[in-house]
Amino acid sequence: MQTFPCPFCGPRPETEFHFAGDLGNLRPEGFLEVSPETWSSYLFSHNNPRGESKEIWKHLTCMEVFTMNRDTLSHIVNSSTALLPEGEA
């Protein structure tokens, strides 16, 4: 089993985490103005890079959301950082 570092709780088993998406995949603004194709692309099109990847993860135990930089080939986690609202970083 792989261990992921939560920036709030420290190293924890991977089963305590949930993948929340690629970092930088921004939710489309507006509700009625967004086309079905744009929503579909936002929800189902992922980068799936080979190598270094920047992702958003949620630790299900403490319910905190953070960014994780990891290598998708070697599964080595390079860093994890708290995802704070603008102005609190």
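Computed from the coordinates by the stated procedures, all read-outs in this text should not be read as laboratory data. Predicted model only: the values in this text are computed from it and were never measured. Quick reminder, even Gly has a Cβ in these numbers, built from the backbone with ideal geometry, and neighbours come from all protein chains shown.
The figures follow:
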| quantity | calculated |
| --- | --- |
| Neighbour count of at most 16 Cβ within 10 Å plus DSSP loop: longest chymotrypsin sites (Phe, Trp or Tyr not before Pro)-free window in the chain | 32-89 |
| Options S35, L84, F66, ranked by Cα towards positive dipole end of the chain, top entry (Cβ charges) | F66 |
| Net charge, H59 excluded, C-beta distance under 9 Å - Lys, Arg +1, Asp, Glu -1 | 0 |
| Cut-off 14 Å between beta-carbons: net charge of the residues surrounding R12, Lys and Arg +1, Asp and Glu -1 | -2 |
| For the chain: relative contact order, % (alpha-carbon pairs under 8 angstrom, 6 or more apart) | 28 percent |
| Loop-located GluC sites (Glu not before Pro) in region 1-80 whose Cβ has at most 14 other Cβ within 10 Å (DSSP) | E29, E33 |
| Among N25, N48, N78: highest mean-square fluctuation, GNM of the chain, C-alpha pairs under 10 Å | N48 |
| Nonlocal amide H pairs with E64, under 5 Å, H built at 1.01 Å | H59 |
| Simple spin-label estimate for C9 and V34 in nanometres, 7 Å along Cα-Cβ | 2.9 nm |
